[in-house]
Amino acid sequence: MTFYTLFRTGKMRLSELPRPSPERLLKQVQAEESKRWGAKLKIFLGYAPGVGKSYRMLDEARRRHERGEDVVVGAVQGQQSEEVQGLLRQLETIPPLQTSEGQGIDLDAILRRAPQVCVIDPLAAQNPPGCRHAHRWQDVQELLRNGISVLSSVNLLHVAEYKDKVQAITGKNTTETIPKSFLLAADDIVIVDVPPDLCLWRQGEKLTSTGISNSQERRLSELRELALLLTAEVVDAQLESYVHAHGIEPVFGTHERFLICITPNSDAPAMIESGARNKERFQGDLFAVYVCEPGRSKREGVAIRRYFAAAEKAGASTEVLESDDPISAIVNFAREKRITQIFIGNSAHNTWRDRLLGDPVLRLIRAAEGIDVRVFPH
Amino acid sequence: MPGSADTPRGSLKVYLGYAAGVGKTFQMLSDAHVAAERGIDVVVAYFEPHARPDTMGQAQRLELVPHRKIAYRGKTFQEMDTEAVLRRKPAIALVDELAHTNIPGSTRAKRWEDVQVLLDAGIEVWTTMNVQHIESLNDQIWQITGIQVRETVPDGIIRQAAEIVAVDVTPDALLNRLKRGAVYKPEMVEKALNGFFKGSNLGALRELTLRQAAHEVDLRQSAYDETRGFQVPRISEARPGAVPDNQPKERILIHITADPSTAMLIRRGRRVADYLRADCTALFVHQTPELPQLRAAEREAVEKHLRFARSLQIETRILVGIDIAKTVVEFARQNRVTQIFVAYPHPGFLERLRGKHFTEDIVRLAQDLQVTIVADRSRRQAP
């Protein structure tokens, strides 16, 4: 249920406003579960096969093994380069479970062996019938619950929310996916970023000059951008948890977050349209608020609802703030949400209140220290 | 050895990281080995002599052009020997730490200037840098970390690069490296843990690096599409709720004054213009009929700001006008500007005397335009 519907149905209370996202709840549960054991999940993300995820992951496994951690390999990709084989020879492997319909992870053998760290690769595989779980990520969860840290890797194609986009760009399809929330809940995520020409070269293509040289590299570049932004999103979520856990001030300015101040008299459609464009161009976040002052005309509600619906359609999170001091309410909300730019309509008609207290736009500019204010034509 | 017309310029590849120790140099050297194994003529043109042991090992397997040793204030410093690299003329030269400032007495002040010389001579250059050295991010870095970075590389230099590679590692792994003494000497570790490596800084810088890399990748896609007429489903189209882009091109006008806040205004304007693919112009309005009639200090500050804007490829204009706010707004209207960027400097003597702020005049006058009041990001809230 969105804040808008809550507001519309009259179920909205101020005390209900800050709701933890499902990702955060999942993360909290996982963090609490694994805290007892110190088990951590680390995922290496790549935008396409050939970026070298497996190598990076196994190289980390080797280094941890050399530093004295108890590391085993529970599952690896079918096709392996010479370098990857070289790393595997230096690590202990637990043979997979053979069933009549294929190979699965031998979960019981790993649990009996009880290493500190287990390599499970790739993350988004499906288990053949006869295994305990249908999906490999469920195996990973069981290992974590038992205090075993997991190193794993995944390709963008196999993240459920990205599957269609990747398919639209490359034509590749898959039935094996993990939910994005799984990435957001992981303790660590690392992107393995290589230029498309190197990625293709590792898959056996001819090496081209530095930069995008052909349409195949151009397509991969699109996936690369998606993977970088996905990782940034995960890192941002981790940053927010860190800030919450340590009770420190929110971190401003890692990416653009726009806040539209909607009033019945402002040119809200223009602000919403610009907000949507800025959100897209900056790959940022968009918010819209309306400050409901006690005793204001009820007629305003219709216009506000229409603007909120438009803002939500443009990808904004909407909220109604109740306060008799709109400027403070907006600035406090902006600080809490780490807003980098506030959109506000220029006030053409000053009310007697404004004349008494000063133009609200100018008051906002003075109050919004550290945040840009963009004033829109009336 | 100036580049001649028939020598194509060398291409530039930048390994971008978020802190010392993320593995930029190591990654660059590994890629160089791959190239060398395939018979490409790669040399190490500059390499930090105090590097980590495993990085040293990687470098030793490649040809190294001897550094130039420069005595300065009783100490010996090492710099890249640009002329020696030009004489050696490899296909690819590896130059560590693009943002480095050369020792006084060097031919060029900045290492990125040396890199320009190599590129002009047709040599491909691979280099490393951290996100906090990007000029237009300076204020954001200050806001996030409370640290003002002095050594910056102009965005135009990074824009030249044919390729940007993000070198990623988790902050935990980086902190482990730091504590093991693999990044800095022991006496430096404590300082680092109280600076860039403190608390949420690493996560924030990491996010900034990933977003910057994504933006750089996006810019290169647009450039490719424009020259090749290429069409792929762009992220924007594949994303739900995205808006079709049929808007007229945005035009940003940056209002230049002598106030020190102008520098961050220029950086912010440049950055927003880059993302919105907007045109960007900077305007200075003076009330005296001739520029030399300004007070010397004011004139110097304004000229510095105008030069800075030009160095970031922003067109600059100077106009005379008794009413500055009115002149700015009229110029904006005549030139179909969509957004005016202004700072909100602390009220000066004149503003206090008049009882109103000059920036407020612009907001009041420009009822038909968007006005963006850019915040002073160096003023952080208490931690």
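Between A:E322 and A:D359, what FRET efficiency comes out of the Förster formula 1/(1 + (r/R0)^6) with R0 = 30 Å and r the beta carbon distance, rounded to 0.05? Efficiency, from the Cβ-Cβ distance: 0.85.
The helix-based estimate of mean residue ellipticity at 222 nm for chain B, built from -39,500 (n - 2.57) per DSSP H run of four or more residues and divided by its residue count, is -12500 deg cm²/dmol to the nearest 500. With a ≥ b ≥ c the root eigenvalues of the C-alpha gyration tensor of the protein assembly as shown, is it rounded (a/c under 1.5), prolate (a/b larger than b/c) or oblate? It comes out oblate by the Cα gyration axes. Near the amide H of A:R257, within less than 5 Å, lie the amide hydrogens of A:D285, A:T340, A:Q341, all on another chain or at least 5 residues away, with H placed in the peptide plane.
Looking at the range A:227-302, the trypsin sites (Lys or Arg not before Pro) that sit in a DSSP loop and have at most 12 other Cβ atoms within 10 Å of their own Cβ are A:R296, A:K298, A:R299. Karplus-derived 3J(HN,Hα) values for the range B:250-257, using 6.51 cos²θ - 1.76 cosθ + 1.60 with θ = phi - 60°, are 6, 10, 9, 10, 9, 8, 8, 9 Hz; glycine and proline are entered as x. Structural size metrics of the range A:187-302, computed from C-alpha coordinates, are Rg and Dmax of 21.5, 71 Å. For chain A, hydrophobic long helices are taken as DSSP H runs at least 18 Å long by C-alpha position along their axis with mean Kyte-Doolittle hydropathy of -0.5 or more; these are A:215-246, A:300-313.
Amide H contacts for B:F77 (H built 1.01 Å from N in the peptide plane; partners 5 or more residues away or on another chain; cut-off under 5 Å): B:I70, B:A71, B:Y72.
Using Cα pairs under 8 angstrom and six or more residues apart, how large is the relative contact order of chain B, in percent?
16
Remark: the range B:66-75, residue by residue, has Karplus-estimated 3J(HN,Hα) of x, 6, 8, 9, 10, 8, 9, 6, x, 10 Hz, where x stands for each Gly or Pro and the curve is 6.51 cos²θ - 1.76 cosθ + 1.60 at θ = phi - 60°.
For B:K179, the lysines whose Cα falls under 18 Å of its own Cα, not counting residues fewer than eight places away in the same chain, are B:K191, B:K198.
A simple spin-label model places pseudo-atoms 7 Å from Cα toward Cβ; at A:Q126 and B:D120 they are separated by 6.1 nm. The simple spin-label model puts a point 7 Å past each Cα toward its Cβ; for B:S222 and A:R113 those points are separated by 5.0 nm.
Charge tally around B:A91: other residues with Cβ under 15 Å, Lys/Arg +1 each, Asp/Glu -1 each, net +1.
With helices defined as uninterrupted DSSP H runs, which ones in chain B have an alpha carbon span along their own long axis of at least 18 Å and mean Kyte-Doolittle hydropathy of at least -0.5?
Taking the DSSP H segments of chain B (at least 18 Å long, mean hydropathy at least -0.5), we get B:24-37, B:261-276.
Shape of the range A:242-351 from its Cα gyration tensor (a ≥ b ≥ c, root eigenvalues): rounded if a/c is under 1.5, otherwise prolate when a/b > b/c, or oblate?
oblate
Bear in mind that the values in this text are calculations on the coordinates, not laboratory data. Given the structure is predicted, the values throughout are model-derived calculations rather than measurements. A quick note on method: Cβ atoms are made from the backbone with ideal geometry, for glycine too, and the neighbour counts reach across all protein chains shown.
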